[in-house]
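The values are calculated or read from the model by the stated rules, or taken from the named source; none is laboratory data. In this text the structure is predicted, and so the values were computed from the model without any measurement. Positions of Cβ are generated from backbone atoms using ideal geometry, with glycine treated the same way; all protein chains shown enter the neighbour counts. With ligands, DNA and RNA removed, areas are computed over all heavy atoms of the protein, side chains included. Shrake-Rupley method; radii C 1.70, N 1.55, O 1.52, S 1.80 Å.
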Amino acid sequence: MIAAIRSVDPDQAVYGVAPMEEVVGRSLAQHRLETILIGAFAGLALLLAAIGVYGVTAYAVERRVREFGIRMALGANPGQLVGLVMRRVAVICAIGAVAGLAASAALGSAIRTMLFRVSPTDWFSYATAATVLFAVALLAAWIPSRRSAAIDPLESLRAE
């Protein structure tokens with residue numbers, strides 16, 4: 001590259017010569033790092049949310065062991081108990097999703113400078129994020145609900 005410049009004008013001062021890909025890469029390095037960090041923290045937040053939903057759901061199921069035992073003694077099948085727990089979690093998640101979407105829409109302009117090719121009111125991104133969080137919450141709730149379905153009615157009535 002330097003030889004090409006010197007062939008045109010040998011007296012020309014040449015410094016800082018680099019391919020365009022390298023120049024563009026250096027200019028985008030900060031944004032790339034910010035994006036990676038935001039993604040890592042978002043993944044960590046998703047993991048913490050799943051653990052929290054699991055913990056709260058497991059606690060709620062544990063508090064209702066006697067009720068589930070009575071329901072099973074009266075003829076409820078395990079699928080009905082799983083459905084009961086999952087419906088309750090789905091309602092709570094739906095309320096949280098609506099509140100989160102409203103907050104995202106209201107605060108979207110605050111992060112406008114960090115968005116690249118995405119508008120602060122990109123409903124597809126909001127819907128995708130809400131769907132992923134909803135799915136994670138339902139998956140986290142499924143484990144305690146399956147455990148509630150395996151309760152022996154006699155043991156649950158003796159527990160308290």
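Filtering Ala76, Ala45, Ala94, Ala50 for residues that are open to solvent by 50 Å² or more (accessible area, probe 1.4 Å) and either within 18 Å of Ser148 (Cα to Cα) or within 22 Å of the chain's Cα centre (by Cα) (or both) leaves a single hit, Ala45.
Any chance you could count how many residues in segment 53-63 are open to solvent by 70 Å² or more (accessible area, probe 1.4 Å) and either on the phi > 0 side of the Ramachandran plot or over 23 Å from the mean Cα position of the chain (by Cα) (or both)?
2
Selection over segment 106-125 of residues that are open to solvent by 40 Å² or more (accessible area, probe 1.4 Å) and either modelled with pLDDT of 85 or more or not polar (S, T, N, Q) (or both) gives a count of 13.
Note on segment 57-73: residues that are closer than 10 Å to Pro144 by Cβ and at pLDDT 85 or above total 1.
Within the set Arg158, Arg147, Arg88, Arg66, the sole residue that is of a type outside the set (Ser, Thr, Tyr), loosely packed, with under 12 Cβ neighbours inside 10 Å and at negative phi turns out to be Arg158. Residues in segment 1-21 that are surrounded by 10 or more Cβ atoms within 10 Å (Cβ to Cβ) and under 30 Å from Ile111 (Cα atoms): 0 in all. Within segment 128-155, residues that are touching a residue at least 40 places away in the same chain (Cβ under 8 Å) and closer than 16 Å to Met72 by Cα sit with their Cβ atoms under 8 Å from residues that are of a type in the set (Lys, Arg) and outside any helix (DSSP H, G or I), at 6+ positions apart or across chains, in these pairs: Ser148/Arg64.
The set of residues from segment 6-62 being of a type in the set (Asp, Glu) and assigned to a loop (DSSP other than H, G, I, E, B) comprises Asp9, Asp11.
Within segment 1-30, residues that are at negative phi sit with their Cβ atoms under 7 Å from residues that are assigned to a helix (DSSP H, G or I) and hydrophobic (A, V, I, L, M, F, W, C), at 6+ positions apart or across chains, in these pairs: Gln12/Ile5; Val14/Ile2; Val14/Ile5; Val17/Ile2.
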